[in-house]
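Notes follow once the structure below has been shown.
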Amino acid sequence: DTAVSQTPKYLVTQMGNDKSIKCEQNLGHDTMYWYKQDSKKFLKIMFSYNNKELIINETVPNRFSPKSPDKAHLNLHINSLELGDSAVYFCASSQELGKNIQYFGAGTRLSVL
Amino acid sequence: QKEVEQNSGPLSVPEGAIASLNCTYSDRGSQSFFWYRQYSGKSPELIMSIYSNGDKEDGRFTAQLNKASQYVSLLIRDSQPSDSATYLCAVGPSGNTGKLIFGQGTTLQVKP
């Protein structure tokens, strides 16, 4: 069983569309994260949730909205997609806040045309 | 000044040699330090964590932390072609947010 799983793995869409990426972890962790990795491979945190509560929101445009229905799931919804949103989005989880060993999902490669 | 800095490389070493990867960080209150390995097209994979000054060894890998100099390094002994990847330094800054700040990564090439 994959510990942190994301769907879809690839997402190709047109500018202006709305899309969602789903993430689930079966590790029993309390904390989940979304990261964006741009074309230069720079990995930057976007959001973190701890037990369904938003902890970090790193100056991300409000077109990006995370949702955590329970502590095992953290989904990312993106409205009005722009060319600059093209990147690989990684979900990660850690046992609890402050226990910073984070385990990453396989990533979702988003291409906005 | 970037919060976490690494030389992007590529760093090229012959098989069997020691590869030395370096990272500096700006937040003096940082509490936790990690090295992740990322193969092309794959997700980051944790290889080492270190929290206190000194050396920490795990197999062929040694992490070194010097908080006074705000410097963390990773040594890979007996480098293998399978070690060829991008190595990401990640730092947990002060505060209890769980946030990790990543460097831009160093690409390592181990030549047979």
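The values are calculated or read from the model by the stated rules, or taken from the named source; none is laboratory data. What you see is a predicted model, and the numbers here were worked out from it, not measured in a lab. Please note: Cβ atoms are built from the backbone with ideal geometry, for glycine as well, and neighbour counts cover all protein chains shown.
Here is how the numbers come out for the structure above:
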| read-out | value |
| --- | --- |
| Answer residue from region A:40-60, given it is exposed (fewer than 13 other Cβ atoms within 10 Å of the Cβ) and either more than 27 Å from B:THR106 (Cα to Cα) or within 12 Å of another protein chain (Cβ to nearest Cβ) (or both) and is farthest from the chain's Cα centre (by Cα) among those | A:LYS40 |
| Matching residues, region A:79-103, being surrounded by 22 or more Cβ atoms within 10 Å (Cβ to Cβ) and assigned to a strand (DSSP E or B) | A:TYR89, A:PHE90, A:CYS91, A:ALA92, A:SER93, A:SER94 |
| When residues of region B:44-66 are limited to those that are part of a loop (DSSP other than H, G, I, E, B) and within 14 Å of chain A (Cβ to nearest Cβ), the one farthest from B:SER79 (Cα to Cα) | B:TYR51 |
| Any hit, region A:79-99, residues being within 11 Å of another protein chain (Cβ to nearest Cβ) and on the phi > 0 side of the Ramachandran plot | yes |
| Given (1) farther than 22 Å from B:TRP35 by Cβ; (2) in contact with a strand residue (DSSP E or B) (Cβ under 7 Å, 6 or more places away or on another chain); (3) part of a loop (DSSP other than H, G, I, E, B); (4) within 13 Å of chain B (Cβ to nearest Cβ), number of the condition A:MET15 does not satisfy | (4) |
| From B:GLY92, B:GLY98, B:GLY41, B:GLY29, residue being within 11 Å of chain A (Cβ to nearest Cβ), exposed (fewer than 14 other Cβ atoms within 10 Å of the Cβ) and either basic (Lys, Arg) or closer than 26 Å to A:GLN37 by Cα (or both) | B:GLY41 |
| A:ASP1, sole failed condition from (1) charged (D, E, K, R); (2) more than 26 Å from B:THR97 (Cα to Cα); (3) modelled with pLDDT under 90; (4) buried (at least 16 other Cβ atoms within 10 Å of the Cβ) | (4) |
| Positions within region B:1-29 being closer than 27 Å to A:VAL88 by Cα and either small (Gly, Ala, Ser) or without any contact (Cβ under 8 Å) to a residue 24 or more places away in the chain (or both), in sequence order | B:SER8, B:GLY9, B:SER12, B:SER26 |
| Residues of region B:1-53 satisfying the condition of being aromatic (Phe, Trp, Tyr) and within 17 Å of B:PRO81 (Cβ to Cβ) | B:TYR39 |
| Pair list, Cβ under 7 Å, 6 or more apart: region A:13-30 residue under 15 Å from A:LYS67 (Cα atoms) and modelled with pLDDT under 95, other residue crowded, with 17+ Cβ neighbours inside 10 Å and polar (S, T, N, Q) | A:ASP30/A:ASN50 |
| Whichever residue in region B:44-58 is surrounded by fewer than 15 Cβ atoms within 10 Å (Cβ to Cβ) and small (Gly, Ala, Ser) and, among such residues, is nearest to A:LYS9 (Cα to Cα) | B:SER52 |
| Test: residue in region A:45-63 that is hydroxyl-bearing (Ser, Thr, Tyr), in contact with a Lys or Arg (Cβ under 6 Å, 6 or more places away or on another chain), more than 17 Å from B:GLY95 (Cα to Cα) and not in a strand (DSSP E or B) | no |
